[in-house]
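One structure below.
The values are calculated or read from the model by the stated rules, or taken from the named source; none is laboratory data. Remember, predicted model here, so these are calculated numbers, not experimental data. As a convention, Cβ positions derive from the backbone with ideal geometry for all residues, glycine included, and neighbour counts pool all protein chains shown.
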Amino acid sequence: MTKKIPIIFDTDPGIDDAAALTVLLSNKQFDVRLITTVAGNVSVDKTTANALKLTHFFNRRDVPVAQGAKKPLVKAFKDASNIHGVNGMPGYQFEATNQKPLSLNAVEAIRKTLTESTDKITIVAVGAFTNLAKLIQQYPESLEKIDRVVVMGGSIAGGNMTSVAEFNVYTDPDAAKILFDSGLDITMIGLNVTQKALLTNESMNVLSHMNETGNMLTQLFSFYGDGNLANGKPMHDVNTLFFLLAPNKYVLNDYWIDVVTDGPAIGATVADIQSFDHQSTNIHVATDVDSEAFNAWYLLEIAKITDTAVNAGKVEK
């Protein structure tokens with residue numbers, strides 16, 4: 001039997017975050033120890049509410065949710081509600097839940113989870129990296145319990161906020177720099193790859209008729225302002241989980257990545273590809289993905305979720 005992967009998942013749901021949480025909460029290969037939230041796609045109160053909606057939907061009351069940073073370390077906060085809607089997950093009315101986040105904030109909850117674990121834990125971060133930067137600053141002794149960090153963020157081939165900056169890093173570039181300079185084992189799956197991992201229109205049509213989970217996702221995707229029906233919708237955050245389960249579907253190169261924290265290129269992740277300024281590397285950088293395998297895998301993941309396993313809501317009128 002395959003050993004489960006112990007995971008702390010740091011997120012800002014967000015529609016593509018919801019697509020990732022769907023897999024995280026339903027695939028038995030993941031031992032989900034904690035979900036933490038951060039301000040990003042929408043404000044942190046909304047990302048926390050959305051995470052709780054999904055743990056309730058998938059009957060995962062065993063997975064604790066801790067609310068994290070409400071703003072970046074330095075930079076002013078600006079959300080992506082133009083892409084994800086005002087509440088972050090529009091289009092589907094989730095069943096009401098009385099679930100609440102932990103009384104501990106995200107940083108304290110991560111520290112506690114790491115400290116109490118007998119295993120090293122993989123941290124997956126798919127929003128701004130503010131919570132992780134605070135952990136590194138406040139509790140550096142806890143880092144020894146981290147196996148590795150897999151992030152969706154950055155890009156080595158252009159951005160989606162500016163010509164050079166990807167949203168998650170742009171939201172809190174100072175936090176990204178602290179994380180990337182931490183010495184942790186980090187794999188970066190950036191925009192240059194996630195924009196290739198598109199859920200095609202054909203796949204979305206299959207998804208819509210599959211089961212209640214497929215229906216829920218289809219309703220969310222219909223409000224997703226990223227990508228288009230002709231070419232497909234990018235499932236940015238889902239890539240972190242596909243990578244953990246099928247790393248052979250990605251091409252990786254090791255580079256030193258510098259994060260720009262001010263000026264017109266703020267949020268850029270600059271790869272020293274020629275080893276001009278650095279003789280060492282700090283990040284495993286994904287440079288390609290098998291997009292056909294990604295589509296097939298995601299549909300299979302959703303198809304495995306039975307309607308009896310979820311608390312179904314209803315489509316908004």
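Residue check, residue 203 against (1) among the hydroxyl-bearing types (Ser, Thr, Tyr); (2) touching a helix residue (DSSP H, G or I) at 6+ places or on another chain (Cβ under 6 Å); (3) farther than 26 Å from residue 26 by Cβ, all met but one. Which one?
All conditions are met except number (3).
Among the residues of the range 157-186, how many are polar (S, T, N, Q) and either crowded, with 21+ Cβ neighbours inside 10 Å or under 15 Å from residue 294 (Cα atoms) (or both)?
Counting residues in the range 157-186 that are polar (S, T, N, Q) and either crowded, with 21+ Cβ neighbours inside 10 Å or under 15 Å from residue 294 (Cα atoms) (or both) gives 2.
Considering only the range 48-65, state which residues are under 16 Å from the mean Cα position of the chain (by Cα) and within 26 Å of residue 297 (Cα to Cα).
50, 51, 52, 54, 55
Tell me the residue from 301, 292 that is charged (D, E, K, R), surrounded by fewer than 18 Cβ atoms within 10 Å (Cβ to Cβ), out of contact with any Phe, Trp or Tyr (no Cβ under 7 Å at 6 or more places or on another chain) and assigned to a helix (DSSP H, G or I), please.
Going through 301, 292 in turn, the sole match is 292.
Among the numbered conditions (1) buried (at least 21 other Cβ atoms within 10 Å of the Cβ); (2) in contact with a Leu (Cβ under 8 Å, 6 or more places away or on another chain); (3) closer than 18 Å to residue 242 by Cβ, tell me where residue 191 comes up short.
The one condition residue 191 does not meet is (2).
Residues are listed down the side, and each one gets a yes or a no for (1) crowded, with 22+ Cβ neighbours inside 10 Å; (2) of a type in the set (A, V, I, L, M); (3) closer than 24 Å to residue 215 by Cβ:
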{"site": "32", "(1), (2), (3)": "no, yes, yes"}
{"site": "37", "(1), (2), (3)": "yes, no, no"}
{"site": "46", "(1), (2), (3)": "yes, no, yes"}
{"site": "58", "(1), (2), (3)": "no, no, yes"}
{"site": "93", "(1), (2), (3)": "no, no, yes"}
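Could you tell me which numbered condition residue 67 fails, if it satisfies all but one of (1) touching a helix residue (DSSP H, G or I) at 6+ places or on another chain (Cβ under 6 Å); (2) closer than 18 Å to residue 146 by Cβ; (3) free of Cβ contacts under 8 Å to residues at least 60 places away in the same chain?
Condition (2) is where residue 67 drops out.
Testing residue 79 on (1) in a helix (DSSP H, G or I); (2) over 24 Å from residue 212 (Cα atoms); (3) modelled with pLDDT under 95, one condition comes back false. Which one is that?
With (1) in a helix (DSSP H, G or I); (2) over 24 Å from residue 212 (Cα atoms); (3) modelled with pLDDT under 95 applied to residue 79, the lone miss is (1).
Quick one: how many residues across the range 13-56 are of a type outside the set (Ser, Thr, Tyr), in contact (Cβ under 8 Å) with a residue 40 or more places away in the chain and either over 16 Å from residue 100 (Cβ atoms) or in a loop (DSSP other than H, G, I, E, B) (or both)?
19
Can you name every residue in the range 253-268 that is in a strand (DSSP E or B) and surrounded by 16 or more Cβ atoms within 10 Å (Cβ to Cβ)?
255, 257, 258, 259, 268
Whether any residue in the range 38-58 is among the charged types (D, E, K, R), touching a helix residue (DSSP H, G or I) at 6+ places or on another chain (Cβ under 7 Å) and at pLDDT 95 or above is what I want to check.
no
Kindly indicate whether residue 280 is over 30 Å from residue 90 (Cβ atoms), at pLDDT below 95 and either of a type outside the set (Phe, Trp, Tyr) or exposed (fewer than 15 other Cβ atoms within 10 Å of the Cβ) (or both).
yes
Kindly indicate which of 271, 246, 286 is surrounded by 20 or more Cβ atoms within 10 Å (Cβ to Cβ) and either under 18 Å from the mean Cα position of the chain (by Cα) or more than 21 Å from residue 193 (Cα to Cα) (or both).
286
The rows are residues; the columns are (1) touching a strand residue (DSSP E or B) at 6+ places or on another chain (Cβ under 9 Å); (2) under 22 Å from residue 39 (Cβ atoms); (3) modelled with pLDDT of 95 or more.
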{"site": "145", "(1), (2), (3)": "yes, no, yes"}
{"site": "152", "(1), (2), (3)": "yes, yes, yes"}
{"site": "164", "(1), (2), (3)": "yes, no, yes"}
{"site": "168", "(1), (2), (3)": "yes, yes, yes"}
{"site": "171", "(1), (2), (3)": "no, yes, yes"}
{"site": "174", "(1), (2), (3)": "yes, yes, yes"}
{"site": "186", "(1), (2), (3)": "yes, yes, yes"}
{"site": "189", "(1), (2), (3)": "yes, yes, yes"}
